[in-house]
Amino acid sequence: MAAEKLRDLSQPIDVSLLDATVAAFYGTGSKEERTAADHILRDLQNNPDMWLQVVHILSNTQNLNTKFFALQVLEGVIKYRWNALPVEQRDGMKNYISEVIVKLSSDEISFRRERLYVNKLNIILVQILKHEWPARWRSFIPDLVAAAKTSETICENCMAILKLLSEEVFDFSRGEMTQQKIKELKQSLNSEFQLIHELCLYVLSASQRAELIRATLATLHAFLSWIPLGYIFESSLLETLLKFFPVPAYRNLTLQCLTEVAALSFGDFYNMQFSNNNWYKSLDSMLIRDVFLLPARNILPPTTNFMEAYANGTTEEQAFIQNLALFFTSFYKSHIRVLESSQENINVLLMGLEYLINISYVDDTEVFKVCLDYWNSLVLELFEAHHNLDNPAATANMMGLQMPMLPGMVDGLGSQLMQRRQLYAGPMSKLRLLMICRMAKPEEVLIVEDENGNIVRETMKDNDVLVQYKIMRETLIYLAHLDHEDTEKQMLKKLSKQLNGEDWTWNNLNTLCWAIGSISGSMVEEQENRFLVMVIRDLLNLCEITKGKDNKAVIASNIMYVVGQYPRFLRAHWKFLKTVVNKLFEFMHETHPGVQDMACDTFLKIVQKCKRKFVIVQVGENEPFVSELLTTLPATIADLEPHQIHSFYESVGHMIQAESDPHKRDEYLQRLMELPNQKWAEIIGHARQSVDFLKDPDVIRAVLNILQTNTSVASSLGTYFLPQISLIFLDMLNVYRMYSELISTSIAQGGPYASRTSIVKLLRSVKRETLKLIETFLDKAEDQPHIGKQFVPPMMDPVLGDYARNLPDARESEVLSLFATIINKYKGAMIEDVPRIFEAVFQCTLEMITKNFEDYPEHRLKFFSLLRAIATHCFPALIHLSSEQLKLVMDSIIWAFRHTERNIAETGLNLLLEMLKNFQASEFCNQFYRTYFVTIEQEIFAVLTDTFHKPGFKLHVLVLQHLFCLVESGALTEPLWDVATVPYAYPNNGMFVREYTIKLLSTSFPNMTAAEVTQFVNGLFESRADLSSFKNHIRDFLVQSKEFSAQDNKDLYAEEAAAQRERERQRMLSIPGLVAPNEIQDEMVDS
């Protein structure tokens, strides 16, 4: 093939041949030609000398795709090898790119024609700038500004370059450049901004060209958030922007710029400059008068119906409404205090809030998100000031009062707060109505309206809606705390409109009920009781008077959601609780999609929080509710699907668990399990006469269903499930053994495909469910050694022995998780059994999972979880392994953390940390580390720097910190290097590790200089004692080594994000209602 000639880079490349190859790749040739072209282009891209041909290619081709290919090659060099190139090559490339950009953008025709190409060249230039500027290209900004003044098209492109530069430095720099480099670039941009500022103002005052003005406004928008404030407020910039605002073509861009200005907090800066505060005040009032309401009033008066305006508007008009929302919210976030300071400003403030509430009704998710985000922060601020009244210093701080607290001021503060609440009472009331009308759907609601207007069961959770629900719920709770009366009044008023039909629609009822459910826990008990009695009564009436299956399903769904949210109310009102539960039993016969599921879910939720109520004899009753329920159980569950029956059984298990009298408890359990036990006894009876009976698929399904029912009850009953499991345990193991033999025979006879046949899948389901039942019971049972002694020994052969004997395809991964649970539960008591467990599962599982990274995913994770349980609780058993076996363990751990499957890699790293700590504290410390230290370090650095294992960053850092601290601690008394092969004796292990690490990283990253690597390794030793600086040091290295640029690096900061989430949860727990009563993991006092 002619294109093969392209591989020879010793002479200038044949550009027409390259054009043909690129064209073949982009689909003009046959499939074979495309594949061949792909191989050649990849090889060229990977050839380190290819970049030297870039100028030749760009100068001689007219094909845009070829140009892009050449620029891709160049981009790789700039990113990974730029600093290693000779100065003349760097300067040559820099000058060439600059010249091409100037040439193409100097006249209108070529600039428009080659727009895509110029944009790509701009990106390349900014990538070069990140290395060269400011140190090696001091004149860049002056050169750029000078070029911009020579022609309007060059000026337009210069604006695009400046915008890119600002975004690279200020928006996308985290994880892309080292902290030091970011700082340096920011300082340079700041110090040279004078020239850019003058250029922008000059263009806006002198140019008539629409494209140039738009490009300049877009560049200003990128710069406004960070430039020194004097450039904005001590120049004509704002007046210039306001001049452009009324022009439709520039309206959106100008508003975006004004939004950036509105978001700035400029108080402190000017307070230092001017000792009196008047300048700042006048600045704000100028913003308020000229900037704040002008945009809206001139174009959209406050009376506008924004829902209609948005629905019927052009794309530009819709963008304007969204930008208007951003402008108002940004301004309020920074300057709402100034707006509260005088009567004139207060009128403006209230009008702005009116605008924002109207915009919040617009039916667009993005617009609503912008508004909701602000409402949440405003309501939180008002609530916290009100909530902290007991803590005057905190309140003063919140109100922006920077002064010491004097006696007698608290009352003054209280009245100030009351005035402030008064000021916002009107808008907050309108906001409550908005939240009620637009409430998002909570997770528990399973019944939704599809696009055809039918009521159906939800098939997939929408995460965006759940996030929105969480924020709306939080906002509504703060609003409820600010005025419980108004919240209650608005909700009951809307509910009465549902009843009298004035406002009846599915959506209105849904959002109202979701809102009612979401404020659970925020009212005091007495008010909550009064409110809910009315709500539940009205909803039950609505259910009676409304006709139509779909309507009834919607109302049923809402009743279930609301009652499920208020366990405190149900515990206090037995009559209501009984009515509600009987209503749920009624819904369990309703075959409309989703209703039965929701009834079973709600029943479980209510029982978990009110279980004591069902086992005591209530006033006016002859027996506890649970007894009555068990009598009618067959009729109640008659119309339910198997998975719903299991959920029902789990709920009743919770009730029985609340019974304190052991005799009654056992009697209830026996009555509950009567149906499944009867069926079980029947099946086992038949099997004793003829084993073949168990092979019938319907019988296998029945066995599976019985086991699943048992597992459900075991999960809620825990230790008290003992009498039931004892009854079926041995028969169950016999069935397990028999089904296992059947599976093995089928696979042995039918080959690998046999494992996919429906009968084998069914048999395996029974085996898995058996293991799951035992695991659930042992896990939930209290830590009583006699239970372990009773159940573990009989399982050794039927379960462990069976695992070892089986073919790989017939081994159940649940065996591994069962024994991990047993070891985690009975800890050191299992030490004697570890060798047996090891013998049965270790070698044979490793053979299954080390062939590749894909097969047997379940076995992988569970195998390492089992190993971790052994390492944590039975470590002495590991020490007694032979060195070959220990090597297998260590190899398997290394193999685990190399895995790209996150759970497996994390389990492997946690296991490694356990092993390292345990061996350090043991007598075999020197021996272990001499064998494995270097290997572990090398392997951890490999996964740390390969970009496939970012989620493991926190654990990689912990392992490295452990190794470096250990080697400097003196705990290792023997050399880590091999004395026989290393002639040079190091003074200590620290020196050896230092030198070894430098050598390791230098060979792995040839693009880094020896000095950079040495500096990094020395830094590791210096920062080893302080985890956060150790971690930052490694983050910087990852960026510097260029392994982690241009990718999403949030995993490197995951730990900080987790700490922030925990702080947020603690804050939420301190405010009534913010954590829903159902989510609080307490044993709710319901006696």
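The values are calculated or read from the model by the stated rules, or taken from the named source; none is laboratory data. Here the structure is a predicted model, which is why all the values come from computation and not from measurement. Counting neighbours? That spans all protein chains shown, and the Cβs are built from the backbone with ideal geometry, glycine included. Surface areas here come from the heavy atoms of the whole protein model, side chains and all, with no ligands, DNA or RNA. Shrake-Rupley method; radii C 1.70, N 1.55, O 1.52, S 1.80 Å.
Looking only at residues that are among the aromatic types (F, W, Y) and modelled with pLDDT of 85 or more in segment 108-139, which one is farthest from K183 (Cα to Cα)?
F111
Taking the condition out of contact with any Pro (no Cβ under 9 Å at 6 or more places or on another chain) and open to solvent by 10 Å² or more (accessible area, probe 1.4 Å), does F853 pass?
yes
For segment 25-47, does any single residue satisfy the condition of being surrounded by fewer than 20 Cβ atoms within 10 Å (Cβ to Cβ), in contact (Cβ under 8 Å) with a residue 60 or more places away in the chain and outside any helix (DSSP H, G or I)?
The answer is no, given that none of the residues of segment 25-47 is surrounded by fewer than 20 Cβ atoms within 10 Å (Cβ to Cβ), in contact (Cβ under 8 Å) with a residue 60 or more places away in the chain and outside any helix (DSSP H, G or I).
What's the number of the condition D797 fails, among (1) touching a residue at least 12 places away in the same chain (Cβ under 8 Å); (2) within 29 Å of L717 (Cα to Cα)?
Single failed check for D797: (1).
Residues of segment 196-216 being surrounded by 15 or more Cβ atoms within 10 Å (Cβ to Cβ) and either among the small types (G, A, S) or under 35 Å from the mean Cα position of the chain (by Cα) (or both), which ones?
S207, A215, listed by residue number.
Give S765, S755 a once-over and let me know the one that is hydroxyl-bearing (S, T, Y), under 35 Å from the mean Cα position of the chain (by Cα) and at negative phi.
Of S765, S755, the one residue that is hydroxyl-bearing (S, T, Y), under 35 Å from the mean Cα position of the chain (by Cα) and at negative phi is S765.
Name the single residue that is least open to solvent (accessible area, probe 1.4 Å) among those in segment 489-521 being among the charged types (D, E, K, R) and assigned to a loop (DSSP other than H, G, I, E, B).
Of everything passing the filter in segment 489-521, D503 is least open to solvent (accessible area, probe 1.4 Å).
Please state which of the following conditions G828 fails to meet, knowing it meets all the rest: (1) within 38 Å of the chain's Cα centre (by Cα); (2) over 20 Å from C874 (Cα atoms).
Result: G828 passes all but (2).
Quick one: in segment 542-578, of everything that is without any contact (Cβ under 8 Å) to a residue 12 or more places away in the chain and either of a type in the set (S, T, Y) or more than 29 Å from D503 (Cβ to Cβ) (or both), which residue is surrounded by the most Cβ atoms within 10 Å (Cβ to Cβ)?
T546
Does I831 satisfy the condition of being open to solvent by 40 Å² or more (accessible area, probe 1.4 Å), in a helix (DSSP H, G or I), of a type outside the set (G, A, S) and at negative phi?
In short, yes.
Condition first: modelled with pLDDT of 85 or more, more than 13 Å from I124 (Cα to Cα) and in a helix (DSSP H, G or I). Now tell me which residues in segment 70-89 satisfy that.
Of everything in segment 70-89, those that are modelled with pLDDT of 85 or more, more than 13 Å from I124 (Cα to Cα) and in a helix (DSSP H, G or I) turn out to be V87, E88, Q89.
Residue pairs, Cβ under 6 Å, 6 or more apart or interchain, first in segment 887-909 and in contact (Cβ under 8 Å) with a residue 40 or more places away in the chain, second of a type in the set (K, R) and assigned to a helix (DSSP H, G or I). List them.
Pairs found: I904/R860.
Against the definition (of a type in the set (V, I, T) and under 27 Å from A148 (Cα atoms)), how does I101 come out, yes or no?
In short, yes.
Conditions tested, residue by residue: (1) among the aromatic types (F, W, Y); (2) open to solvent by less than 10 Å² (accessible area, probe 1.4 Å).
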{"site": "P642", "(1), (2)": "no, no"}
{"site": "M655", "(1), (2)": "no, yes"}
{"site": "A658", "(1), (2)": "no, no"}
{"site": "D661", "(1), (2)": "no, no"}
{"site": "E667", "(1), (2)": "no, no"}
{"site": "W680", "(1), (2)": "yes, no"}
{"site": "I683", "(1), (2)": "no, yes"}
{"site": "H686", "(1), (2)": "no, no"}
{"site": "Q689", "(1), (2)": "no, no"}
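Where the second residue is assigned to a helix (DSSP H, G or I) and basic (K, R) and the first is in contact (Cβ under 8 Å) with a residue 24 or more places away in the chain and open to solvent by less than 40 Å² (accessible area, probe 1.4 Å) and lies in segment 355-381, which pairs have Cβ atoms under 6 Å and are six or more apart or on separate chains?
From residues that are in contact (Cβ under 8 Å) with a residue 24 or more places away in the chain and open to solvent by less than 40 Å² (accessible area, probe 1.4 Å), the pairs are I357/K430.
Scanning segment 1038-1052 for residues that are assigned to a loop (DSSP other than H, G, I, E, B) and under 22 Å from the mean Cα position of the chain (by Cα), which turns out modelled with the highest pLDDT?
Looking at the filtered set, the residue picked out is N1049.
Please work out if V524 is open to solvent by 60 Å² or more (accessible area, probe 1.4 Å), β-branched (V, I, T) and under 30 Å from L479 (Cβ atoms).
So V524 fits the description; yes.
What number goes with the only condition from (1) open to solvent by less than 30 Å² (accessible area, probe 1.4 Å); (2) under 16 Å from A840 (Cα atoms); (3) modelled with pLDDT of 85 or more that C874 does not pass?
(2)
Condition first: closer than 30 Å to E901 by Cα, open to solvent by 70 Å² or more (accessible area, probe 1.4 Å) and among the charged types (D, E, K, R). Now tell me which residues in segment 941-993 satisfy that.
K954
Using the structure shown, decide if E782 is open to solvent by less than 50 Å² (accessible area, probe 1.4 Å), part of a loop (DSSP other than H, G, I, E, B) and on the phi < 0 side of the Ramachandran plot.
no
How about segment 887-898: which of its residues are open to solvent by 10 Å² or more (accessible area, probe 1.4 Å) and either in contact with a helix residue (DSSP H, G or I) (Cβ under 7 Å, 6 or more places away or on another chain) or among the hydroxyl-bearing types (S, T, Y) (or both)?
L888, I894, R898
For segment 322-335, enumerate the residues that are out of contact with any Lys or Arg (no Cβ under 9 Å at 6 or more places or on another chain) and open to solvent by 10 Å² or more (accessible area, probe 1.4 Å).
Residues satisfying the conditions are Q322, L326, S330, K333, S334.
Take E884 and tell me if it is under 18 Å from G788 (Cβ atoms), without any contact (Cβ under 8 Å) to a residue 24 or more places away in the chain and either part of a helix (DSSP H, G or I) or touching a helix residue (DSSP H, G or I) at 6+ places or on another chain (Cβ under 8 Å) (or both).
No: the conditions fail for E884.
Would you confirm whether or not segment 1021-1037 contains a residue that is of a type outside the set (D, E, K, R), over 19 Å from F919 (Cβ atoms) and more than 31 Å from the chain's Cα centre (by Cα)?
The answer is yes; a qualifying residue exists.
For segment 352-377, enumerate the residues that are charged (D, E, K, R) and under 22 Å from the mean Cα position of the chain (by Cα).
Within segment 352-377, E366, K369, D373 meet the criteria.
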